[in-house]
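Student: Dropping a structure here in structure tokens format, bear with me for questions.
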Amino acid sequence: MDIDPGKPVLHDRMKLDWYEPKPRAKRVVMAPEERLARPEQEIDSGLTHDDALAEASRCFSCGKCFGCENCWMYCQNNCFVKIQKPVHGAFYTIKLEVCDGCKKCWEECPCGFLIGD
């Protein structure tokens, strides 16, 4: 098991069932007739503040630890020690001398932060 904050996470390492399904925010875009009638107007008005926050909450945190505590909860040997300030996207340090390599933490990590190979 290892931590590699620079390695991209592919869908096969994500635990998509862990995340709540949320609809995508709709952007308000002018109809073609309106665009031609008012060429000085913005075509895409973007998202409202609330819509942008809702869209950001859909993030899967691909490859970045977000402190869900699954690794800590499922570790039977207490290898994970929570740190006060996250360092390089990690909320825990790992006591490798205590780890027996069961990979339960890796299996339960929803975002693919822990690498078991």
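Every read-out reported here was derived from the displayed coordinates using simple, explicitly stated rules and does not represent laboratory data. What you see is a predicted model; the values in this text were computed from it and never measured. All Cβ positions, even for glycine, are placed from backbone atoms using ideal geometry, and neighbour counts span all protein chains on display.
Student: Regarding segment 20-59, what are the three Cα extents along the principal axes, ordered largest first, in Å?
Tutor: 41, 16, 12 Å, listed from the longest principal axis down.
Student: At a Förster radius of 41 Å, what calculated FRET efficiency corresponds to the Cβ-Cβ distance of Asp17 and Ser45, to the nearest 0.05? Mind showing how you got there, number by number?
Tutor: Values: r = 35 Å, r/R0 = 0.84.
Efficiency, from the Cβ-Cβ distance: 0.75.
Student: Show that you can apply the helix-only estimate: for the chain, add -39,500 (n - 2.57) for every DSSP H stretch of four or more residues, divide by all residues, and state [θ] at 222 nm to the nearest 500.
Tutor: On the way: 4 runs with 24 residues, N = 117.
Rounded to the nearest 500, it is -4500 deg cm²/dmol.
Student: Quick one: among Gly46, Gly67, Gly89, which has the greatest mean-square fluctuation in a GNM of the chain with alpha-carbon springs under 10 angstrom?
Tutor: Taking springs between Cα atoms under 10 Å, the residue moving most is Gly46.
Student: Ok, one more. Pull up all non-local amide H partners of Phe113: gap of 5 or more, or a different chain, and H-to-H distance under 5 Å with H placed in the peptide plane.
Tutor: Those lying under 5 Å, H to H, from Phe113 are Gly63.
Student: What's the FRET efficiency of Arg35 with Lys64 using the Cβ-Cβ distance as r and R₀ = 30 Å, to the nearest 0.05?
Tutor: Working: r = 39 Å, r/R0 = 1.29.
The computed FRET efficiency comes out at 0.20.
Student: Can you check what the net charge comes to around Leu16, using other residues whose Cβ is under 13 Å from the Cβ of Leu16 (Lys, Arg +1; Asp, Glu -1)?
Tutor: On the way: positive: Arg13, Lys15, Lys22, Arg58; negative: Asp12, Asp17, Glu20.
Here the charged neighbours net out to +1.
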